[in-house]
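The values are calculated or read from the model by the stated rules, or taken from the named source; none is laboratory data. Being a predicted model, the structure only gives us computed values, none of them experimental. As a convention, Cβ positions derive from the backbone with ideal geometry for all residues, glycine included, and neighbour counts pool all protein chains shown. SASA here: full protein model, heavy atoms, side chains in, ligands and nucleic acids out. Shrake-Rupley method; radii C 1.70, N 1.55, O 1.52, S 1.80 Å.
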4 protein chains.
Amino acid sequence: MPNMPNDDFLTEKISPFNVYQIKSVEDVLKSLKYCGFQGRNLGKALDVLYNMVSSKNILTVLTLSGAMVPAGMGEIICALLERNLIDVIVSTGANVIHDLVDVFTDVGHYVGNSNVDDNELYRHRINRIYDVFLPEESYLKTEKEILLIIKKIFQEKSIDITPSEFLKKLGENISKRCILSIAAKNNIPIFVPALSDSELALDLIVYSLKEDYEFKFDILGDIMKFGEIIKKFEEHGTLIIGGGVPRNWAQQIFPLLDQIKKMKTKGYKYSVRIHTATEYDGGLSGCTISESKSWGKYSSESKYVSVWCDATIALPILVTGLFQRLKII
Amino acid sequence: MPNMPNDDFLTEKISPFNVYQIKSVEDVLKSLKYCGFQGRNLGKALDVLYNMVSSKNILTVLTLSGAMVPAGMGEIICALLERNLIDVIVSTGANVIHDLVDVFTDVGHYVGNSNVDDNELYRHRINRIYDVFLPEESYLKTEKEILLIIKKIFQEKSIDITPSEFLKKLGENISKRCILSIAAKNNIPIFVPALSDSELALDLIVYSLKEDYEFKFDILGDIMKFGEIIKKFEEHGTLIIGGGVPRNWAQQIFPLLDQIKKMKTKGYKYSVRIHTATEYDGGLSGCTISESKSWGKYSSESKYVSVWCDATIALPILVTGLFQRLKII
Amino acid sequence: MPNMPNDDFLTEKISPFNVYQIKSVEDVLKSLKYCGFQGRNLGKALDVLYNMVSSKNILTVLTLSGAMVPAGMGEIICALLERNLIDVIVSTGANVIHDLVDVFTDVGHYVGNSNVDDNELYRHRINRIYDVFLPEESYLKTEKEILLIIKKIFQEKSIDITPSEFLKKLGENISKRCILSIAAKNNIPIFVPALSDSELALDLIVYSLKEDYEFKFDILGDIMKFGEIIKKFEEHGTLIIGGGVPRNWAQQIFPLLDQIKKMKTKGYKYSVRIHTATEYDGGLSGCTISESKSWGKYSSESKYVSVWCDATIALPILVTGLFQRLKII
Amino acid sequence: MPNMPNDDFLTEKISPFNVYQIKSVEDVLKSLKYCGFQGRNLGKALDVLYNMVSSKNILTVLTLSGAMVPAGMGEIICALLERNLIDVIVSTGANVIHDLVDVFTDVGHYVGNSNVDDNELYRHRINRIYDVFLPEESYLKTEKEILLIIKKIFQEKSIDITPSEFLKKLGENISKRCILSIAAKNNIPIFVPALSDSELALDLIVYSLKEDYEFKFDILGDIMKFGEIIKKFEEHGTLIIGGGVPRNWAQQIFPLLDQIKKMKTKGYKYSVRIHTATEYDGGLSGCTISESKSWGKYSSESKYVSVWCDATIALPILVTGLFQRLKII
């Protein structure tokens, strides 16, 4: 027998999206909240994100995977950093090197095509990222520029450093606008847990071989450093783009803090997740935030929304809506 | 050896999405055209769609599957019809009955939740569509209202009619704003090839049993009728939401016209497709427009773009951008 | 505080898949039941399916969408029908016409390639279905053969019939092994709710134009006929391949029977679903069986498993395992 | 006009899967090669894999992401290693720690359920991986066992080592059957490029805090070490499970070797990829092998097949088929 009246389920009618009443991107998102499916999730995401970024007590961690910079999403990250809306970045190495490519080559990525002869592209030394082209030449130019900075920063050839500290030093020595330079200026750490998996790591090996550098990266040190930042804030949230290592690395900090009895806080309290992976294969990229709660990565009362959508659609819409709500634009 | 210079591949740089320069939804879409991935596809979709709907010589066919009306997308369809931007609809039966539910119950769908006890919902007789709730009561009220119209329209109990003609008559007898009434008023046919697969069909069976109606639907007649419409236009395009029967039924008309030697025209020339299915399983819902070209469903020179995105995100964004470009809003 | 002991959650250890202990396909499936993710689901599916097909009291409904016959899955359906393991088929029109193509052309589908120039395929009049090629010539030959049968079956040009009766008559007049002929012989009805959406319908229109046939299909009649079959059995199950119209048409019968007060039974009690669609877009193809319970399409105690896997992998494995368990092979 | 005859496209008919002719899993795969869609890909994968593993001149690299060990796939990896069918593993840290959990707790993963209250699981300290449960207690026991080995291996508290060397030492000190112990015994290196992203890294931090260990991991050193292995072989292949860091790290070695002019060989020549990600979002996990060719990661003549399927289905089937073809079982 029903043990609660129908009214408890039927509290609010769907309010169909009325295009005539839309003026701004924020209007779109406000409207979608009362529609269904992923549109509703995207609409709700703005509320959670706005709440996260507009409170000083909430540490907002952006996790970044997928080829966001090649797809033209780097400037959005820059804007978020420049307005101090993000407190920590956890990224793939790829997005870092692509940011460096763009700053050193005045955008080194090209509008390409996913339906091409990849063998011919290879003969031209043009690397393809779905429908974006990245000529090897952009990489080579970047490799040289990074080396110049490294020579400037480090007096000795033997370098013992955490990845985040290394990236901070790089950023401090870039004058033009890019993710690394803005992050460095605004004291926003960039963690790259899988640094060895990227063209940046390959460049470092080239420097080792050609210039006798010896890089030692203290990868556990960055975990501790991140833990110290976490402990300084009362509440925490994630803005997850994709999944992969950045998502998990950012999330595992709470189980660690629990293990070493350093903290009462139990997990992130907020999350906006933009994903394309599904949970059916048991992989971390697609697992639900709810699953992460069982691990103590999110608190039992956390407020979160997952938007199943390519980030090149969801992120620009969401950030435009956010900037409109914040009256920045 | 390369047989074309790099310049032929590297013609245009990615232009990163700059949130500071965005004022409107149309701006978002214009910007995304020079980014990558599905964002670019969504940006390009506006150009193709604008071209289709703004030319009088192009017949624009909207194919509609997925629970668009329950998710609050019905009013968008109404706006497109009311502005005569769509010439033909091919739909699932579900979207038709949901449109009728909304017009007869002043929106009969509710903001629900995908994480519920479905057994309890059943005890309350609340039907769930992902995160939208549709109480059985809304269906029952609608069943009664449709019967009233049927009694008004048809003097005899034996009814021999095409599904599109039946839906037109229903629409003509609805005074309030809904997809069916606007379509009827603007003489836009609604084809429902799988009419027997929907609550509407179940209602018709109820009328048969309780009121002795006998409905005969001339399902091949609607194919011929659609063929006649196709032949009146020089060029043709599709706006495909989802896939399924509506997509294929709309597309198969060209192979038919070819088979019966009725037409020189070879396939649709334009298409915007919003889909979530992939092509990997060989199913029609996910197959590429290119695959459809091998069948003669699209012409070899056709201009098309597929956007891999839930329609509750892509459609409102796209139609808002379209209405802004058309200066309707 | 925990209100149930850990033991209640931790009842059975994962038993890693041990390849050395595998002899048969059934062994694979038995082993996978104690592994995780979709492997486990596939393993469990055999138990549910075996239970369904081996009980005389359970009506087993196979719903068939996706291009199963072109992909070489037709013979599996034949084997299931021939052993009377399936009681009812609900299919797309495509699978029916492809079955006819194969029987009249001694397999008219070819091993193709998904990475081809579709414009060139069109010039050759070769229709592509992902990586399968279907030359138009196979269709033309089939069109002629069907016409011969129609001329034989029907004395009059005006034909008023349900789709299932029409397909039964076709099947009765085919002597060679195929889905339609075996189904007819074993009195297994084939329902095609969206008959007008297929090459078969196009053929019927050709016959109408060239030979003056007039086909009237009683599409509501088939719903009633299916309802009568349902009522004869105590329990019911579905084997769902894909989703689309076949899945929903098979499922909506219970809400109908409830509406017309014809039945106490509340929904299917068993289901094996093989799907590639996700539930995130709110579409019926991807919706969970649990969601279908809220509609009364499945009973609250139903036993079901969904396997997220392309059917061309899951179906052959599952049916081979079933035939091994049944000692047929 | 057609410039090649139809015969060139229509060379081989689909050969429908005939369940009556199947005896073994290898039979299933042989049959599926002449069917369509992912079934065909799985069938073809056996040929490519068999070719790779049975040639002494081909280095076979297994890349491992996704929670393979918790899902019961670890014993398959053990069998592959034990038979020396795999030469190198590139893995996530998760699969390594889960292997250690299983060896130290006599399988520490449990058959769970994806439809549970995650808050309650957390109260019980049971971590969920989709439908697999991993009690925190299994982790704690493992943490202690690893520490015992570390104490045994390293005389000093300051440890400067590559991740692969560290894992080898661990494996050498485990007597029971597991991935790490077999790999160590058979001299098969295990590379974990993102070591800091896993419970294993968290354990190392615990040891640092409680026992004053200081771990320095030479993450670039492992790239060089992998490069040396690559150079010893004439030909190379990948067996890719999932995507993520392991896939890319294994692939980037060829662009590196090209950059440092160390090698003539241009990319892997063989690949079997089992994936669930799609290419539409531009992410590396879903990108095609063809795309990787543009980067020089695969040679232009490489033979590869991608199977879109959850690995918990595709991998056991494929490896069973392989072991049958190799007459191991």
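Worth pointing out:
- Failed criterion for D:Asn6 (all others in (1) surrounded by fewer than 24 Cβ atoms within 10 Å (Cβ to Cβ); (2) at pLDDT 95 or above; (3) at the interface with chain C (Cβ under 8 Å from one of its Cβ atoms) hold): (2)
- Taking region B:224-233 as the range and being touching a residue at least 24 places away in the same chain (Cβ under 8 Å) and open to solvent by 60 Å² or more (accessible area, probe 1.4 Å) as the test, the residues that pass are B:Lys225, B:Lys231, B:Lys232.
- Residue match in region C:14-28 (condition: facing another protein chain (nearest Cβ under 10 Å), in a helix (DSSP H, G or I) and of a type in the set (D, E, K, R)): yes
- Residues satisfying the stated conditions in region B:29-40, i.e. in a helix (DSSP H, G or I) and more than 8 Å from every other protein chain (Cβ to nearest Cβ): B:Leu29, B:Lys30
- Subset of region B:98-111 (residues that are at the interface with another protein chain (Cβ under 7 Å from one of its Cβ atoms) and without any contact (Cβ under 8 Å) to a residue 24 or more places away in the chain): B:Val107, B:Val111
- The condition (being of a type in the set (Asp, Glu) and under 23 Å from B:Ser300 (Cβ atoms)) is satisfied by just one residue among B:Glu228, B:Glu279: B:Glu279.
- When the residues of region A:239-269 are filtered to those that are hydrophobic (A, V, I, L, M, F, W, C) and more than 7 Å from chain D (Cβ to nearest Cβ), the one that is surrounded by the fewest Cβ atoms within 10 Å (Cβ to Cβ) is A:Met263.
- Scan region B:185-197 for residues that are more than 16 Å from the chain's Cα centre (by Cα) and buried (at least 20 other Cβ atoms within 10 Å of the Cβ) and the total you get is 2.
- Hits in region D:209-223 - residues which are facing another protein chain (nearest Cβ under 7 Å) and free of Cβ contacts under 8 Å to residues at least 40 places away in the same chain: D:Leu209, D:Leu220, D:Ile223
- Leading residue by the ranking (farthest from the chain's Cα centre (by Cα)) among those in region B:293-313 that are within 12 Å of chain A (Cβ to nearest Cβ) and among the small types (Gly, Ala, Ser): B:Ser306
- Residue among A:Val319, A:Val305, A:Val272 that alone is open to solvent by less than 10 Å² (accessible area, probe 1.4 Å) and farther than 16 Å from A:Ile77 by Cα: A:Val305
- Search result, residues across region D:132-182 that are surrounded by fewer than 21 Cβ atoms within 10 Å (Cβ to Cβ) and in a strand (DSSP E or B): D:Ser158, D:Ile159, D:Asp160, D:Ile161
- Residue match in region C:280-291 (condition: aromatic (Phe, Trp, Tyr) and either open to solvent by less than 10 Å² (accessible area, probe 1.4 Å) or in contact (Cβ under 8 Å) with a residue 12 or more places away in the chain (or both)): no
- Breaking point among (1) of a type in the set (Val, Ile, Thr); (2) open to solvent by 10 Å² or more (accessible area, probe 1.4 Å); (3) more than 20 Å from C:Ala311 (Cβ to Cβ), for C:Ile126: (2)
- Taken residue by residue, region C:242-261 has no member that is over 26 Å from C:Pro163 (Cα atoms) and modelled with pLDDT under 95.
- Contacts under 6 angstrom Cβ, first residue in region C:115-137 being within 12 Å of B:Lys293 (Cα to Cα) and without any contact (Cβ under 8 Å) to a residue 12 or more places away in the chain, partner part of a strand (DSSP E or B) and charged (D, E, K, R), 6 or more apart: none
- Under the condition of being surrounded by fewer than 24 Cβ atoms within 10 Å (Cβ to Cβ) and assigned to a loop (DSSP other than H, G, I, E, B), the residues counted in region C:92-107 number 2.
- Test: residue in region C:203-210 that is open to solvent by 20 Å² or more (accessible area, probe 1.4 Å), part of a helix (DSSP H, G or I) and not hydrophobic (A, V, I, L, M, F, W, C): yes
- Any hit, region D:85-95, residues being under 11 Å from the mean Cα position of the chain (by Cα), within 11 Å of another protein chain (Cβ to nearest Cβ) and farther than 22 Å from C:Arg40 by Cα: yes
- In the condition set (1) facing another protein chain (nearest Cβ under 10 Å); (2) under 16 Å from the mean Cα position of the chain (by Cα), B:Thr60 is compliant with all but (1).
- When residues of region D:291-312 are limited to those that are in a helix (DSSP H, G or I) and touching a strand residue (DSSP E or B) at 6+ places or on another chain (Cβ under 8 Å), the one nearest to B:Ser306 (Cα to Cα): D:Glu291
- Counting the residues of region B:41-63 that are open to solvent by less than 10 Å² (accessible area, probe 1.4 Å) and either assigned to a helix (DSSP H, G or I) or not aliphatic (A, V, I, L, M) (or both) gives 8.
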